[in-house]
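What follows draws every value from the coordinates through simple rules; no lab data is involved. What you see is a predicted model; the values in this text were computed from it and never measured. Cβ sites come from the backbone with ideal geometry, for glycine too, and all protein chains shown count toward neighbours.
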Amino acid sequence: LLWLLILVVPLFSLFVWSFLAMRDYEFTFELTLDAYRQIVATGRHQVVWQTLRIAFTVTLILLVIAVPFALWLAKGVRSASVKAIVLALLTVPFFLSLSARVMVLRPIRPPAWIPMAILWFVIGMPGKVFVITLSAFVPCVLNAYLAISERPRELMNAARTMGASNRTLLFEVAIPSG
């Protein structure tokens, strides 16, 4: 219910706001499609579709790569030292000072990848997808890892007792409870 207030209500408000007319720098409460007609008439609809295509592609790539990686990290790694090393490699750039970052990991910040993406992919969609995926990978992995590893153990045990398969445990217990 909380996500409804946080996500759906603001999106619906923006949707309603887009239909309001503006005259003399004041909004009037008459429903109009002028904003949408302007997007199509000026050619900005191509930018909107390209942005949506990039967002969809990056989301799909992260669902295919980052979420299974987080699942492996949360449940597949048996060695505590391997898990600690991988988590340290994922989080070191975020909490150490600049000199420690250079000494420990030499992380490359996402904007610094832009020239390399231009060289590797030329200017186009693959370069944009690469940079955005690279910058969203660590937050996606960490959030999925925490959601999977911090869910109540009693919930999983109860589902196992009722005969849930591994697939059911993942898709109907672990992911929704995270």
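The GNM of the chain, with springs linking C-alpha atoms under 10 angstrom apart, assigns the highest mean-square fluctuation among 74, 136, 88 to 88.
Sorting 146-152, 17-23 by average packing, meaning the other beta carbons within 10 Å per residue, from highest down gives 146-152, 17-23.
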